[in-house]
1. Look through the stretch 210-254, keep the residues that are closer than 22 Å to residue 42 by Cβ and among the hydrophobic types (A, V, I, L, M, F, W, C), and return whichever of them is surrounded by the fewest Cβ atoms within 10 Å (Cβ to Cβ).
2. Would you point out the residue of the stretch 159-207, among those that are of a type in the set (Phe, Trp, Tyr) and part of a helix (DSSP H, G or I), that is surrounded by the fewest Cβ atoms within 10 Å (Cβ to Cβ)?
3. Which residue pairs have Cβ atoms closer than 8 Å, lie 6 or more positions apart in sequence or on different chains, and pair a first residue in the stretch 99-116 that is on the phi > 0 side of the Ramachandran plot with a second residue that is in a strand (DSSP E or B)?
4. Report those strands (runs of 3 or more DSSP E) wholly inside the stretch 94-144 carrying at least 2 residues which are of a type in the set (Asp, Glu), at pLDDT 95 or above and in contact with a Leu (Cβ under 8 Å, 6 or more places away or on another chain).
5. Name, by its number, the condition in (1) crowded, with 24+ Cβ neighbours inside 10 Å; (2) more than 30 Å from residue 428 (Cβ to Cβ); (3) acidic (Asp, Glu) that does not hold for residue 257.
6. Can you work out which of the residues in the stretch 262-282 that are touching a strand residue (DSSP E or B) at 6+ places or on another chain (Cβ under 6 Å) and assigned to a loop (DSSP other than H, G, I, E, B) is farthest from residue 135 (Cα to Cα)?
7. What are the residues in the stretch 208-227 that are assigned to a loop (DSSP other than H, G, I, E, B) and within 30 Å of residue 385 (Cα to Cα), if any?
8. Could you please let me know if residue 379 is crowded, with 21+ Cβ neighbours inside 10 Å, at pLDDT 80 or above and under 17 Å from the mean Cα position of the chain (by Cα)?
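The values are calculated or read from the model by the stated rules, or taken from the named source; none is laboratory data. Quick caveat, the model's predicted, so the values are computed rather than measured. All Cβ positions, glycine included, derive from the backbone under ideal geometry; neighbour counts span all protein chains shown.
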Amino acid sequence: MHFVSFTPILLLQLTFPAVLHGAKWTYNGLDGEQHWSKHYPYCGGTFQSPIDIKSELLRFDPTLRPIEVQNYNLSPNEQLTLGNNGHSVQISLPSKMYISGLPHRYTAAQLHFHWGSSSRPEGSEHRVNSKQYAAEMHVVHFNSDKYPNMSMAVDKSDGLAVLGVLIEIGEFNPAFEQFLKFINGIKYRDQRVQVSGFNIRALLPARLDEYYRYDGSLTTPPCYPSVLWTLFRNHVTISHKQFLALATTLYSSHAQDSAPVPLNDNYRKPQHTDSRAVLVSFKEGKGLHGILTVTSPLTRKRIVQQLLVGDLADLADEGLYQLLPGGTEKLHAGKKKDLKNQKSETLAKYNQATLNPSLWKKSQANRSVGKLGLAEDALCYGSLEQRVFHQLKQSHTENQLVQALRDSIFPELNLRSYLDCKSDLALPAIRHILRGRPPTDEAFELDRSLTKALMIQRKTSTAIKKSVPVTNYGSLTPATVPRKPHSQGYPHPWLLPMEWED
């Protein structure tokens, strides 16, 4: 998904030391995606896009309604700007176009494309069960309820919503021809032409009720994790000739450059899932048998509240397992109270007696998850990046910016996404929540258990790194921690009874 536009934007005017967010980037070579994080640290961070949407990530969400696009059928009297920004073909969209049915109103800003090459016609960014399509279209919208324009929304955690459309080579598509017939006018970077308005809805699949939904990022620098992604299940087709118009006509270099550089293969490789789930609005179809229904937001909120102020000694019995993929509801019945029997009442009294009264009062006042500043307030990535950079500069550790940003935002993004059902609750996020708890024996023991689980996870990740590269937060969910036998009724080792109880 491209953030680049044809007019100067606020982001490019930031006086961020050494970065300025105006550094050159490409998809391959010395400025290729493996080097993006040198100048754009979020590109090496967390909750990145695109991803490979595999069956094991899917959760059915019965509350997902069909996408409703408004004012997408534009009049031929309206003029749109079609341009080559050096990274893609982009079409400006009028502000009267918007999506309804999401938590906020999202107003259209632009659409653009990613594609392969004539020799390898696979260029979609998202993949479905490892299948890569010929191309992909992104229709970019910004949260106009909260922000005045795209530039102000792009670095906010609730700033953008993007509709993704997978494109396969097949039948001729008359809707795509509405702009492809002008493509020779934008052969070189920064060239633009005016085209007449047309029905943008015709670029989308016929069915808007079947889609994948997850929390992710811009797929180009600066890679802010600010995108609510909606990728339609059904693809559209364009003819081979139409595909070649994209793949062979354009250049990423300027007209005056002596060595023209073809513009193709402009897609980012799949990123780590980082404990994210992918919600689906449909339940039927190949490979979807036995798909889990997502745990309700109310249940998830109760689990977080239990972490915030509940009896930590009872966490293994009272719901944390429900957040896990394949959560074992069958363990919920009959076994849990047998494991501790009459200890529960004693532990509850012990908890109450050892808590600092003032801290307990404060934590009780914060029972509403929204007051954490995690579920309601948008994170501003631009200001966070500057703040972390200046902190690191003071300690002469600027080279740790990527890791520091990842450590700073992963727990908050994971918790926010978890509460909206779009991720599993990862171990670092649980530790983040528990830091606000009074220093009791239970809190100490649980933190120690989480530390052990993280160490086990990292060792396991290192062991499989040869076949599957992972980041520090690569699927750090309790579900991926190596399991011990379930004979005692505990499906996950970090949820074993507190050591001090034994």
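1. Initially, the stretch 210-254 is screened for residues closer than 22 Å to residue 42 by Cβ, giving 213-231.
Keeping just the survivors that are among the hydrophobic types (A, V, I, L, M, F, W, C) gives 218, 223, 227-229, 231.
On the way: 218: 28, 223: 27, 227: 26, 228: 23, 229: 26, 231: 25.
If we take residues in the stretch 210-254 being closer than 22 Å to residue 42 by Cβ and among the hydrophobic types (A, V, I, L, M, F, W, C), then 228 is surrounded by the fewest Cβ atoms within 10 Å (Cβ to Cβ).
2. Residues of the stretch 159-207 of a type in the set (Phe, Trp, Tyr): 172, 176, 179, 182, 188, 198.
If we keep only those that are part of a helix (DSSP H, G or I) too, we end up with 176, 179.
Working: 176: 23, 179: 20.
In this case the residue turns out to be 179.
3. 101/68
4. Numbers: elements: 98-100, 106-115, 135-143.
Correct list: empty, since no element meets the threshold.
5. Looking at each condition in turn, residue 257 falls short on (1).
6. 275
7. Filtering the stretch 208-227 down to residues assigned to a loop (DSSP other than H, G, I, E, B) leaves 208-210, 217-226.
Those that are assigned to a loop (DSSP other than H, G, I, E, B) and within 30 Å of residue 385 (Cα to Cα): 217, 218, 219, 220, 221, 222, 223, 224, 225, 226.
8. Details: crowded, with 21+ Cβ neighbours inside 10 Å: yes; at pLDDT 80 or above: yes; under 17 Å from the mean Cα position of the chain (by Cα): yes.
Yes, satisfied.
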